[in-house]
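Okay, structure first, notes after.
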Amino acid sequence: MSEIVFEGISKVFPRGGAAFTALSDVSLGIPDKQFLAIVGPSGCGKTTLLRMAAGLEAPSSGIVRVGGRPVNGPGADRAVVFQQFALFPWKTVRENIAFGLKCKGMPRAKRDELALHYLELMGMSGTEDNYPHQLSGGMQQRVAIARSYAIEPQVLLMDEPFGSLDAQTRTLMQEELIRISRVNPRTVLFITHGVEEAVYLADRVVVLTRSPGRITEIIDVRPVREAEGWDRLASEEALEMPGFGHLRARIWRLLRQEMQAPSTDQT
Amino acid sequence: MAGILTAARPGRGQLALLSVAGTAIFFGLWQILAISGLVSKFVLPSPTEVITAGLTMVVEPFAGNTIQGHVIASFGRWAMGFALAAGIGIPLGLAMGYWRVLDAMVSPIFEAYRYIAPLAWVPFAALWFGTGIGGPVMVIFTGAFAPCVLNAYRGAHLVERHLIEAARTLGAGSLRVMAEVLLPGALPSVVSGLRVGAGLGWQSLIGAELIVVSSGIGYVLVQGQSNLAPEIVIAAMLAVGLTGLLIDIALRFAESRIRRRWGQTA
């Protein structure tokens with residue numbers, strides 16, 4: 001079992017002498033093998049939540065558990081996919097993917113074999129000896145995703161992974177991620193500010209408010225997806241389904257209210 | 001010629017030509033000054049005398065060794081001191097860049113240390129490590145150490161934060177982060193530090209040899225002076241300059257290769 005549980009999480013940052021509350025009493029559970037997306041305006045603390053699950057940041061109060069164990073510090077049981085790809089520019093594609101396996105002490109032959117396997121899964125066979133700067137943004141992010149899958153983590157933490165890609169590439173990557181999640185299901189926490197992306201990819205979508213970050217609503221996408229059979233459709237077709245439009249509009253309304261509401265924490 | 005001098009952006013070949021011309025003018029003026037009789041040959045020997053003295057030392061030992069023997073002795077000391085400075089300085093600089101606690105602890109002493117000229121260490125170097133190999137090696141070390149530490153430290157700060165975070169979330173421990181992320185990420189800066197350190201180390205070595213040892217190119221300088229042979233002094237100075245230039249060219253070459261390999265992305 002590899003669920004992610006946030007229990008009463010608050011995060012306060014010092015900001016020029018005053019204290020800024022980024023997150024206030026957030027509790028949220030992501031069951032094993034579920035794909036959960038968090039949407040919210042910039043500065044609502046969604047990335048902070050992900051960084052806490054990754055162990056890159058500590059909550060001011062509350063506790064994060066992954067697979068039942070409290071998180072304190074980063075570890076290979078929780079893989080992170082960053083918006084900036086974060087590939088090592090001095091390592092080849094193969095070496096990048098094999099890095100986490102090397103940290104585990106896996107022998108070279110074994111880790112090279114696994115690296116090639118995951119590269120193939122991402123449809124990128126033949127690029128293993130390239131350096132990251134020789135690849136397009138979309139291909140770089142595929143390598144980063146392969147690197148995360150290769151360490152076979154309990155959970156995947158994706159921080160706006162397609163945020164820096166152009167629209168067409170982003171759509172293709174979303175379809176790709178769905179395909180990979182099907183052959184290799186994982187517990188996923190996915191941060192985005194794209195409403196369509198969240199609805200298209202996630203089992204459940206969490207809407208966060210800003211200043212301080214709180215959960216407004218949790219929307220279960222699965223019943224609508226299954227009823228309309230989006231899994232069998234290309235993304236542009238799924239986007240045209242009435243159920244999809246309805247969910248998208250509902251989340252947009254929540255976000256709009258949120259953007260127009262006066263902030264409760266004016267500093 | 002006038003065309004070259006006024007060209008807004010001289011090409012590579014033109015620049016090389018200008019370098020050769022400048023050097024030729026320098027030696028030409030020097031030769032004219034020396035043979036004109038305006039200055040005594042004991043004050044300023046001519047370039048031809050200097051080159052003759054230098055070439056003579058290639059075959060006839062002076063001060064116990066041939067000139068190439070002295071250069072090799074100096075180079076060996078330099079290599080030892082420099083390797084020591086790089087071997088200790090680079091890991092220390094990276095570690096200071098990684099752990100703030102270590103940075104806060106070491107920085108004050110280090111900041112004071114780096115303003116002490118390497119030659120100021122000569123008395124202690126002789127006292128602690130003697131005048132054979134240890135003393136001069138320590139002087140080179142004190143010269144090369146600070147740039148090695150400083151550039152590794154600055155380079156570590158330039159490594160993008162998300163690369164360090166990616167390595168940690170993939171299960172890398174601190175040592176692996178330093179060896180596989182900070183060091184390669186900081187490498188261009190580290191190599192610049194090595195270049196500065198190599199130069200400073202080489203300069204301080206010659207200084208140290210003037211004072212404490214009985215071999216090496218600095219020793220040739222002192223012996224030339226006491227034998228009233230200024231052409232030997234200048235020949236030794238040229239050997240110092242040329243060796244330093246060769247060291248710098250080698251490191252420059254390494255630097256450009258690294259920059260090319262690292263590509264455009266950082």
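No lab work stands behind these numbers, since they all come straight from the coordinates. The structure presented is a predicted model; accordingly, all values stated were derived computationally and were not measured. Counting neighbours? That spans all protein chains shown, and the Cβs are built from the backbone with ideal geometry, glycine included.
Details
- Residues B:L33, B:L150 arranged by fewest to most Cβ contacts within 10 Å: B:L33, B:L150
- Calculated FRET efficiency for the pair B:F253/A:R65, C-beta based, R₀ 60 Å, to 0.05: 0.65
- Anisotropy class of chain B from Cα gyration tensor, a/c 1.5 cut: oblate
- Charges were assigned to the Cβ only: +1 to each Lys and Arg, -1 to each Asp and Glu. The resulting dipole of chain B about its Cα centre is roughly 820 debye.
- Three-way shape label, the protein assembly as shown, alpha-carbon gyration tensor, a/c 1.5: prolate
- Considering only chain A, percent of DSSP beta bridges that pair antiparallel, nearest 5: 50 percent
- Across segment A:125-136, computed HN-Hα scalar couplings (Karplus, 6.51 cos²θ - 1.76 cosθ + 1.60, θ = phi - 60°) run 4, x, 9, 4, 9, 7, 9, x, 5, 8, 10, 6 Hz from first to last residue, x flagging Gly and Pro.
- Angle between chain A longest axis and helix A:137-150 axis [Cα atoms, degrees, rounded to 10]: 80 degrees
- Both the radius of gyration and Dmax for segment A:42-98 are 13.8, 41 Å, in that order, over alpha-carbon atoms.
- Amide hydrogen neighbours beyond the local backbone of A:L23, cut-off 5 Å, H modeled: A:K11, A:G213
- Cα-projected label distance for B:R154 with A:D129, points at 7 Å along beta-carbon direction, nm: 3.7 nm
- Tensor-based shape of chain A (alpha-carbon gyration tensor, a/c under 1.5 rounded, otherwise prolate or oblate): oblate
- Beta bridges by DSSP in the protein assembly as shown, antiparallel share as percent, to the nearest 5: 55 percent
- Gain in span if fully extended, A:S164 to A:D32, counting 0.36 nm per residue against the direct Cα distance: 44.7 nm
- Ranked list, fewest to most other Cβ atoms within 10 Å of each Cβ, for B:W128, B:W78: B:W128, B:W78
- Counting only Cβ charges, +1 for Lys and Arg and -1 for Asp and Glu, the dipole size of segment A:89-152 around its Cα centre is about 240 debye.
- Charged side chains reduced to their Cβ positions (Lys and Arg at +1, Asp and Glu at -1) give segment A:57-114 a dipole of some 200 debye around its Cα centre.
- Burial ordering of A:H193, A:H246, fewest other beta-carbon atoms within 10 Å first: A:H246, A:H193
- Taking label points 7 Å from Cα along the Cα-to-Cβ direction, A:D25 and B:I88 give a separation of 5.7 nm.
- Size descriptors for segment A:89-152 (Cα atoms only): Rg and Dmax, in that order, 10.4, 30 Å.
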